[in-house]
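Take a look at the structure set out below.
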Amino acid sequence: MRSQHIIDRKALVRRHNVEQRSLDPRSPVSVGNGEFCFTVDLTGLQTFPAGYPVGARSELPPGTLLGTQSQWGWHSIPAAGKYSLAGSTVLYDSPRGPVPYVDMVGDIVDGRETEISSAQTWLRANPHRLDLGRIGFAWADAGGTALRLAPADVVAPVQTLDLWTGTVTSTFSLRGHPVKVTTACHPDRDQLGLIVESPALHHGLVITFAFPYGSDAWHDAADWNRPDAHTTTLAGPAGAGAGLEYWTVDRSLDGSGYQVTVSGKDLRLEQPGEHELVLHAAAGRDVLDLAVQFTSTGQGECATRGTGGRPCPGTGSGVAQASRAYWPDFWQSGGAVELHGTPDPRAAELERRIVLSQYLTAINCAGSLPPQETGLVCNSWRGRFHLEMHWWHAAHFALWNRTELLLPSLRWYATILESGRQTAKAQGFDGVRWPKQVGPDGRESPSPIGTFLIWQQPHPIHLAELAYRAEPSRDLLEEFADIVFETAGFMAGFAHPTARGFELGPPLIPAQESYESIRGAVTNPTFELAYWQWGLNIANTWRERLGLPSREDWRAVADGMVRPRTVNGVYAAIDVEPFTIRTDHPSMLCALGVLPQTSLIDPETMRATLADVLADWDWDSTWGWDYPVMAMTAARLEDPETAVAALLLGAGKNTVLPNGHNRQTDSLPLYLPGNGGLLAAVALMAAGWDGGPDRHAPGFPAGWTVAWEGLVPAP
């Protein structure tokens, strides 16, 4: 049942606008469109990168939280040799005999293993996501030299991210002059709109552009120390009609290239340095109104969202107008949840997290690739994305009735079907085995953990099913049938028959990654057993919807999966000793929470398991999506008070910053799976689930006032 209350969505969203009056190095704000993102400091640009490092350690590079990143912007540092995964391949014993896995192994020197080889290091770090450029304010002296500003130069700053329009307004005083900056991103182009209004523009205020080399470092996508390794070439101005002029900046980094197009009226752009540009307002002008577009080399037509096509010269005002038209439509479409009338003081904070998570996942996770865990803000794992996290980034889009934001990244799997088939074939299986830590090409990374994970395998089936539930059509079934069926083909073959039934592993590592040292012996993790059963049954349902006969071999595996191990009345993580290590993800809870009820899982045993986890788990070792997991499990067990308490548990990894990001540690300053997981949990708690209680908002306590609309019930 949906609420009879009509939600004032504009009031709901704007209640949670982000306003900042001082530099918070953990909490910058961003504008973006899912394919492109620009993160700003208090000036509305990237003027003070040193103020936004990752972590407290001085050796970390500055500015890692002020990125300019896209889905198409990738780079590889030239390899010292012809590297391949063959050198990292190790044979592991399995029930079917030796099976090759891409591992991480040291070189052998004088009969002893050394540190990780340069080949494996390169394969893990390349390709990596690029920082496309830094745009900030400076002050030109009498000779025209642009001088850096200091944070102390900015007086009385006030910055507001208006979520309803997707624009950032920054006001401050600079050397006695008032300054107002409007920052926006075009919803359909990888284009920034920047409007600067200030008399300081004819007293020395300028905008600078700086372009780095690509970096294979952990966080920083920018290497400022190799100016000779790349080129920056400025051309223009050229006329674009209606008084517009534009300049084109050609960027070349080894095999990567892109263009930056700066356009507007009454501008002057110069290149005083090898990789530096300075933009001046025309004499006497106190407004800079410019558009800055980033496009990938080699594209033809006028660029639309994510295509990286040829530039579309425009103005900042035009970009801001497009943003102000798009975002109200975004907020008025899909689902909404309002908790404003709830007397419980926790409701306001939960509502804040819900609204901000919708914005953050829309600008970081709705693109044509599965996102990295830090989105398009900074590089985690060098910008490469983790397919086991794709569900956490994107499943909520379907549950919130915004399936169009899920489908682009789901379609990416079709581009790596063949490489996934080759992986499965090399291991003796049919179908497709999906990789774990990859770039756009889908090539696996050497790892002692990643290639042994299997819980990413059913994700494409799950995501496709959620998309179909939100927008059922034969076209969608036909488009994703190959992905669903090839995934199921591998799953059915990977489960091996024994006297007990069908089993999983060894080798494997479950979603709870605490078992690396015994990966060659791990069997039958609780969550994966249930996921295998549910996923194979859904794959057969897809065949039936398409008028195809069910695969009896898939059904036999699903029906014959062994039951998960219980120890002292609770579900163990795995089927061998030590059974459960109380660190990292309590992933056994996913088996009834992320998943609906299956024949393998007993609700009362899961209730005892949830209580056991809540009583004594190492919260410091958890991750941001573990709290939504506990909430979904509690909700399905009809314990709504525990569900809410889990979402707002006072643990370090459950911190949500003023900008809405889910901070984890100094080295992982934001974590979008936490935001996406929260939205998935809230959708389930509000709209309910198949076979759940027939009452309004069944996952929320009875004393809460929950208004919701436009959500899709969970399976």
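Annotations for the structure displayed:
- Taken over segment 610-641, the criterion of being among the hydrophobic types (A, V, I, L, M, F, W, C) and surrounded by 24 or more Cβ atoms within 10 Å (Cβ to Cβ) is satisfied by L610, W625, V629, M630, A631, M632, A634, A635.
- Residue match in segment 416-424 (condition: in contact with a Phe, Trp or Tyr (Cβ under 7 Å, 6 or more places away or on another chain) and either of a type in the set (S, T, N, Q) or not in a helix (DSSP H, G or I) (or both)): no
- Residue check for L161: in a strand (DSSP E or B) and at pLDDT below 95: no
- The residues in segment 415-427 that are closer than 15 Å to P507 by Cα and in contact with a helix residue (DSSP H, G or I) (Cβ under 8 Å, 6 or more places away or on another chain) can be counted, and the count is 1.
- Residue within segment 498-505 that is part of a strand (DSSP E or B) and in contact with a Gly (Cβ under 9 Å, 6 or more places away or on another chain) present: yes
- Test: residue in segment 268-276 that is hydrophobic (A, V, I, L, M, F, W, C), in contact with a Gly (Cβ under 8 Å, 6 or more places away or on another chain) and within 29 Å of H202 (Cα to Cα): yes
- Matching residues, segment 482-497, being of a type outside the set (S, T, Y) and assigned to a helix (DSSP H, G or I): D482, I483, V484, F485, E486, A488, G489, F490, M491, A492, G493, F494
- The requirement of being at positive phi, within 30 Å of the chain's Cα centre (by Cα) and not basic (K, R) is satisfied by D254.
- Every residue from segment 359-397 that is more than 10 Å from the chain's Cα centre (by Cα), closer than 13 Å to N33 by Cβ and surrounded by 24 or more Cβ atoms within 10 Å (Cβ to Cβ): Y359
- Residue within segment 429-449 that is of a type in the set (A, V, I, L, M, F, W, C) and assigned to a helix (DSSP H, G or I) present: no
- Residues that are farther than 18 Å from S317 by Cα and assigned to a loop (DSSP other than H, G, I, E, B) within segment 242-288 comprise D254, G255, E274, H275, A283, G284, listed in sequence order.
- Search result, residues across segment 347-374 that are among the aliphatic types (A, V, I, L, M), closer than 28 Å to W689 by Cβ and assigned to a loop (DSSP other than H, G, I, E, B): A366
- Against the numbered list (1) farther than 20 Å from G166 by Cα; (2) of a type in the set (D, E); (3) not in a loop (DSSP other than H, G, I, E, B), D344 comes up short only at (3).
- Contact map, segment 683-705: residues that are assigned by TED's automatic domain parsing to the domain that holds T633 and in a loop (DSSP other than H, G, I, E, B) paired with residues that are buried (at least 17 other Cβ atoms within 10 Å of the Cβ) and of a type in the set (K, R), Cβ distance under 9 Å, separation 6+ or inter-chain. Pairs shown: G692/R636; G699/R636.
- Candidates in segment 480-492 are the residues that are within 25 Å of the chain's Cα centre (by Cα) and without any contact (Cβ under 8 Å) to a residue 60 or more places away in the chain; of these, the one that is nearest to A394 (Cα to Cα) is V484.
- If you go through segment 197-241 and keep only what is part of a strand (DSSP E or B), charged (D, E, K, R) and buried (at least 17 other Cβ atoms within 10 Å of the Cβ), you end up with just D223.
- Only one of L463, L405, L476 that is under 19 Å from N675 (Cα atoms), surrounded by fewer than 22 Cβ atoms within 10 Å (Cβ to Cβ), touching a Phe, Trp or Tyr at 6+ places or on another chain (Cβ under 9 Å) and at pLDDT 95 or above: L405
- Residue count for segment 343-396 under the criterion of being aromatic (F, W, Y) and free of Cβ contacts under 8 Å to residues at least 60 places away in the same chain: the result is 1.
- Failed condition for V377, given (1) of a type outside the set (S, T, N, Q); (2) farther than 21 Å from L466 by Cβ; (3) out of contact with any strand residue (DSSP E or B) (no Cβ under 6 Å at 6 or more places or on another chain); (4) not in a helix (DSSP H, G or I): (3)
- One residue alone among G308, G284, G298 is over 22 Å from D141 (Cβ atoms) and either at pLDDT 95 or above or over 24 Å from the mean Cα position of the chain (by Cα) (or both), and that residue is G298.
- Picking from residues in segment 559-607 that are small (G, A, S) and under 32 Å from the mean Cα position of the chain (by Cα), the one that is nearest to W623 (Cα to Cα) is S587.
- Entry remark, segment 163-203: residues being in contact with an Asp or Glu (Cβ under 7 Å, 6 or more places away or on another chain), in contact (Cβ under 8 Å) with a residue 60 or more places away in the chain and not hydroxyl-bearing (S, T, Y) number 6 in total.
- Residue, surrounded by the fewest Cβ atoms within 10 Å (Cβ to Cβ), within segment 499-515, restricted to residues that are in contact with a strand residue (DSSP E or B) (Cβ under 6 Å, 6 or more places away or on another chain) and over 20 Å from V557 (Cβ atoms): Y515
- Screening V522 against (1) part of a helix (DSSP H, G or I); (2) buried (at least 21 other Cβ atoms within 10 Å of the Cβ) leaves a single unmet condition, (1).
Residue-by-condition table, conditions (1) closer than 13 Å to W392 by Cα; (2) modelled with pLDDT under 95; (3) in contact with a strand residue (DSSP E or B) (Cβ under 9 Å, 6 or more places away or on another chain):
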site	(1), (2), (3)
N675	yes, no, yes
A681	yes, no, no
A686	no, no, yes
P698	no, no, yes
G703	no, yes, no
L711	no, no, yes
A714	no, no, yes
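- Checking G255 against (1) in contact (Cβ under 8 Å) with a residue 40 or more places away in the chain; (2) closer than 19 Å to L45 by Cα, the condition it does not meet: (2)
- Scanning segment 534-553 for residues that are within 26 Å of the chain's Cα centre (by Cα), in a helix (DSSP H, G or I), aromatic (F, W, Y) and within 28 Å of S517 (Cβ to Cβ) turns up nothing.
Let's see how each residue does on (1) of a type in the set (A, V, I, L, M, F, W, C); (2) touching a Lys or Arg at 6+ places or on another chain (Cβ under 8 Å); (3) modelled with pLDDT of 95 or more:
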residue	(1), (2), (3)
E19	no, no, yes
G32	no, no, yes
C37	yes, no, yes
A50	yes, no, no
G87	no, no, no
P98	no, no, yes
V102	yes, no, no
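The values are calculated or read from the model by the stated rules, or taken from the named source; none is laboratory data. Just so we're clear, the structure is a prediction, and the values are computed from it rather than from any experiment. Note: ideal-geometry Cβ built from the backbone for every residue, glycine included; neighbour counts use all protein chains shown.
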